[in-house]
Structures are given as C-alpha cells and as structure tokens.
Amino acid sequence: MDSYDVVVIGSGYGGAIPATRLAEAGMSVLLLERGKNRGTGDLTQSDAPVEIQEVIDLVIARNNVAFRTGKLVGGASINMDGAFFRMPQKSFEARDGKGRRYWPELYSRAALDPYYEKAEAMMKIRQVGWDEVPKTAGLFGMMLDAAGASCELSRMNYHNCLQCGFCSVGCVFDRKMTLRHTYLPLAYAAGATLISEATVSTIEPSSASSGYLVSYQRGAASTVVHGTRVIVAGGGIHTSALLLRSKAKLPKLSPHVGKNFNNNGEFAFVGLVPESFAELSSVFCYKGMENGGLMSFHWYDEEGFTLHPGAGLEPTVLTGDFKSATDAALPSRSWGLEYKRFAERVYPHKLIAFSALGLADGHAEIAIDGAGKPDIVTTDRTAFDAYIDRLEEIVTAVGKTSGITLFPSVPRELSGTTSAHLLSACRMAESADDGVVDPDGQLFGYENLYCCDASAVPYSLAVNPALTISAIAERTAELIVTKG
Ligand SMILES: Cc1cc2nc3c(=O)[nH]c(=O)nc-3n(C[C@H](O)[C@H](O)[C@H](O)COP(=O)(O)OP(=O)(O)OC[C@H]3O[C@@H](n4cnc5c(N)ncnc54)[C@H](O)[C@@H]3O)c2cc1C
Ligand code: SF4
C-alpha cells in the first residue's frame, strides 16, 4: 500500500492550498480529486445544461433546488466569479442565540490578516477599475446612488477580462486566476502527486500504524492509501457526506457533522428597469463578468448584509419570479405564454440582477442517502425567513426610491436553496460541544485528521467566502508544518 505524509481530499481552496504548502515544506503529498483534470483548452463556452453540468456539480436538495459546487481539478475556483473580500471584524463577532461567539476566540480580522495577505498575493487579487464594471452593474450602482446608498469597486482576481460573461463554466481565455493558475502548479513542482477522477469513499484510522487509510474509487478500481495526516476538503457539502459515510469507522466523529449548513445569507433579486431610468439600448444583462465588480457595504454595520450586482450567465435573470396580481404591466404568473411575451419585452435591456450576502442562520442540514450520496434536508427556517423579510423590506424600498421594480429571483419558499456559498456543516468551534473541527482545523477526537474547507467556516460571513477559506487553509498548513 502506498503511504504519504499527507493525503489531501479535494483540490478546491481548502485542499489545494495546504497541498501546496505541505509539499513545499518537504512532505510527501497525495492530492485526490474526484473531478477531471481539465485545462483551459478543454473548457467550453456554453450555457447548455449538459455543458454546465460538466463543470459545476449541482447537488439537488429534497425540494428539487440545486446547490452549486466545484467538480474539476481546482474545485470551484474554476467556476467562481472572482470576488475576494477579507471578512470585516463584525462578522467574526457573530453570536448564537445563547451569546456564544461562532468563531473561536483566536480568530479576528487582525489574526487572519497575514494569511489574507499571502492568499491575495498568490491569487493576484486587486481592486477592479470602473472601466471593468459591466453596464448592468452600472445600473445597480445608479440604483443605489438614487436611493442615497454607497457602493465600491470590488477586489477580484480577473486580469484583462474580456467581459464575455461565461465565468461560471470556466474562463476559456485564462483571465481568471484559478487554483490551476496559482497554487496547484507550485504543488506539483514541489513534488505533490495528483490523482484526478478519484472519488474518496471512506476514511478510517489505520490499525497498523498512526494515521489513516483512505479508500477511493477510480473507474472500476478501488484503492486504499495510507496518510500519516489526512486533510478532508471536499467542499461545503461533500466533506460532510464523506465523513458521514465513514462514521462507522470514525465512531468519535462529532454529532454536529452535516448540521448548521449555512448559505451565507445569499439571496438574489432581479430588477425591472424603466426606460426613463437610463439609456438602456446598449445594456445586455448577460454581458460582462458574472460578478459585476461592485460591492455595497452600505447596510453592513446596521443590518449585517452586503449587496453585489451580477451579469453574465447566471440564470437569475431568467428565473425571476416576476408576477403581480394587481400591476397590469406584469404577468399574472411566472410561467406560460403571458410570461413568455413579458420576458421578450424586457430581456435583455431592462433587467438587472444582484445578490445579498448576510449574517444569517442556516436552514438546512446534510445527511446521506442509502447510496452514501448527500441528501439535503430543510430544517427550521424561522431565523432565516426573518432575515429575508428584513432584507426584502429594505431592498424593495431602495427599488421604489429609484423607480426600479424588484423581485426575488426564485419563489420565496425556495429562497436560500440555490446558493453557491455552502458553509458550516462541519463547523469549527472552541469545544466539541459546539462543532466538528477545533480552532486549528483538526477534527475533535482524531489527531492528524484535518478539515479547512468551506464546511469548517463556522457561520455566514456576509462577504464572499473564498478568501477567508484560503486564509484559514494557509493558517492550517502553517500549523501542520510547525507541528511536524
Ligand atoms: C458559480 C460559483 C460562483 C462563485 N463565486 C464566488 C466568488 O465570486 N467569490 C467567492 O469568494 N466565492 C465564490 N463562490 C464560492 C467558492 O467558490 C467556494 O466557497 C469555494 O470554492 C469553496 O472551497 P472548498 O475548497 O471548500 O470547496 P470546492 O472549491 O468546492 O472544492 C472541493 C473539491 O473537492 C472535490 N471532492 C468532493 N468530494 C470528493 C471526494 N469524495 N473525493 C475526491 N474529491 C472530492 C470536488 O470535486 C471539488 O473539486 C462561487 C461558487 C460557485 C459554484
Ligand atoms: S467575463 Fe472575463 S473572466 Fe469571465 S469568462 Fe469572460 S473573459 Fe473570463
């Protein structure tokens, strides 16, 4: 049986970063990734569902709505929209109903800043210029301005972007600095071994030596490898599924695995822009970087949410729940011929899309079905619904002031279930009573078994998560190197 100092499962931010740092420190590293190793030349600029599903894993929840995660070498860095924000201190201070701070005490903006800095330098993150903001996002900025609210240019890892709008199926022009462009080449150069199309089925403690046995499936072949240390980084959904599949072999595993699943308070709106608002004929809602390059922190201090515009491929603008029982300018239902005619009138010049991210409780948990696949179940939505009520109230008022009619992008009962920000299902905590992972990224009860991906993030951030995941991954790798 092959044996490594470290076996890393998953090649997104939570896996590729420690794989790189530990290989650079001289450890033997095996990186197992269930997805294909597709280079830029293998990507297709298409919004055909069959192509989208080649690069984005759509995990269908019980209510038939899809959560989006990565499924290629590089994880969701291939699909993501390139916006990277450090988390403001207020988000580190979020507390539960009993006053417990979600983040372990040692975490603060100041404590993570050195790791944020490292990750930003690696991924070439910078503030975009106004000349890079798509026109639809410009309309979003005008809407906020008309309502007396502020926004700022985003920090992104796109360089010389061509504004084609296909970011989430992977950039065929190499303008997005994915993990394939940044960390992973350094990991390979330092000797890390990648095995792609290798789906890890279970992890168990090794009885013969210290460390763990990792079983994976590649095609019809089953293989077991040994890792003195194992880092589980399958992302916000699949890390929990893998640990739950391994539960019989990891009996001390926390009962919190799969619980507290949180979508970062993500909720999308679509806006119907009147002709009188601006010159609209040159606005195409599908054109431009999918994250529109702006971010509003206007309501963050008081209300705990941020807003950012979208453009491009995101299906948001096509699925908008535009309907009204009273307004004759709107269809009476969100489907059928009347809706089709309405869509023809407003698409593509009169639509804007934007999303909120906020400090909000989760409303789902991850279980596994009989085949060991993730099964996402809705739990108590009371707190999440209260957050959405307040958000809608504020955002609808902004639309009214500026003359733009706003709608949720999906019917209200499905809100929070189309997210790409999938957090907290193996959350980090000060003690085993509250979480799965200790403040240094090690699973409670299991020495040298780590998790530093999206699932370890203890609560919503109200900003895009990838930079914070990267900073935690940098920190975890540093601790492992120091520990030796
Ligand atoms: C369309 C889209 C747009 C986004 N835009 C932004 C943005 O602009 N800014 C931002 O900050 N965040 C964004 N995100 C979110 C961000 O990409 C994720 O939070 C981040 O990638 C999570 O990192 P991760 O390492 O936890 O998981 P992932 O990046 O999802 O990586 C997990 C990897 O593990 C692999 N894996 C899973 N299970 C197994 C297994 N059993 N065996 C082997 N391999 C396995 C998966 O195939 C995947 O490659 C976006 C996400 C999507 C989908
Ligand atoms: S909009 Fe820019 S980053 Fe996105 S796919 Fe096109 S060129 Fe690449």
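The values are calculated or read from the model by the stated rules, or taken from the named source; none is laboratory data. Since the model is a prediction, treat every value here as computed from it, not as a measurement. All Cβ positions, glycine included, derive from the backbone under ideal geometry; neighbour counts span all protein chains shown.
Here are the numbers for the structure shown:
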item	result
Subset tally (residues that are farther than 14 Å from V29 by Cβ and part of a strand (DSSP E or B)) for the range 184-215	10
The range 273-325 - residue that is of a type in the set (S, T, N, Q) and modelled with pLDDT under 90 and, of those, nearest to ligand 1 (Cβ to nearest atom)	T316
Selection from the range 388-443 of residues that are assigned to a loop (DSSP other than H, G, I, E, B), among the hydroxyl-bearing types (S, T, Y) and either within 23 Å of M143 (Cβ to Cβ) or at pLDDT below 95 (or both)	S409, S415, T417, T418, S419
Verdict on E447 being away from ligand 1 (no atom under 13 Å from the Cβ) and within 25 Å of G74 (Cβ to Cβ)	no
Where L461 falls short, out of the listed (1) out of contact with any helix residue (DSSP H, G or I) (no Cβ under 8 Å at 6 or more places or on another chain); (2) assigned to a loop (DSSP other than H, G, I, E, B); (3) not aromatic (F, W, Y)	(1)
Candidate set: the range 66-99, residues that are surrounded by fewer than 20 Cβ atoms within 10 Å (Cβ to Cβ) and among the hydrophobic types (A, V, I, L, M, F, W, C); chosen: the one farthest from ligand 2 (Cβ to nearest atom)	A94
When residues of the range 39-64 are limited to those that are surrounded by 19 or more Cβ atoms within 10 Å (Cβ to Cβ) and in a loop (DSSP other than H, G, I, E, B), the one farthest from ligand 2 (Cβ to nearest atom)	A61
Within the range 72-82, considering residues that are of a type outside the set (D, E, K, R) and assigned to a loop (DSSP other than H, G, I, E, B), the one farthest from Y459 (Cα to Cα)	V73
The range 155-179 residues that are under 19 Å from A420 (Cα atoms) and in a loop (DSSP other than H, G, I, E, B), paired with ones that are β-branched (V, I, T) and within 15 Å of ligand 1 (Cβ to nearest atom) (beta carbon under 6 Å, 6 or more apart)	N157/I125; G170/V55; G170/I78; T178/I78
Residue match in the range 312-335 (condition: over 30 Å from E132 (Cα atoms) and under 18 Å from the mean Cα position of the chain (by Cα))	no
Residue list for the range 464-484, filter: near ligand 1 (Cβ under 8 Å from one of its atoms) and part of a loop (DSSP other than H, G, I, E, B)	N464, P465
Which numbered condition N63 fails, given (1) more than 15 Å from ligand 1 (Cβ to nearest atom); (2) touching a strand residue (DSSP E or B) at 6+ places or on another chain (Cβ under 9 Å); (3) at pLDDT 95 or above	(3)
Members of the range 83-102 found to be part of a loop (DSSP other than H, G, I, E, B) and more than 18 Å from L422 (Cβ to Cβ), listed by number	R86, P88, E93, D96, G97, K98, G99, R100
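Here's the yes/no breakdown for (1) aliphatic (A, V, I, L, M); (2) at pLDDT below 95:
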| site | (1), (2) |
| --- | --- |
| V172 | yes, no |
| T178 | no, no |
| H181 | no, no |
| P185 | no, no |
| A189 | yes, no |
| A192 | yes, no |
| I195 | yes, no |
| S206 | no, no |
| S209 | no, yes |
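This table checks each residue for (1) modelled with pLDDT of 95 or more; (2) acidic (D, E); (3) within 23 Å of the chain's Cα centre (by Cα).
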site	(1), (2), (3)
E105	yes, yes, no
K118	yes, no, yes
M122	yes, no, yes
Q127	yes, no, yes
D131	yes, yes, no
G138	yes, no, no
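To keep it simple, each residue is scored yes or no on (1) assigned to a helix (DSSP H, G or I); (2) under 20 Å from L461 (Cα atoms).
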site: A241; (1), (2): yes, no
site: P251; (1), (2): no, no
site: N264; (1), (2): no, yes
site: M289; (1), (2): no, no
site: D301; (1), (2): yes, yes
site: P309; (1), (2): no, yes
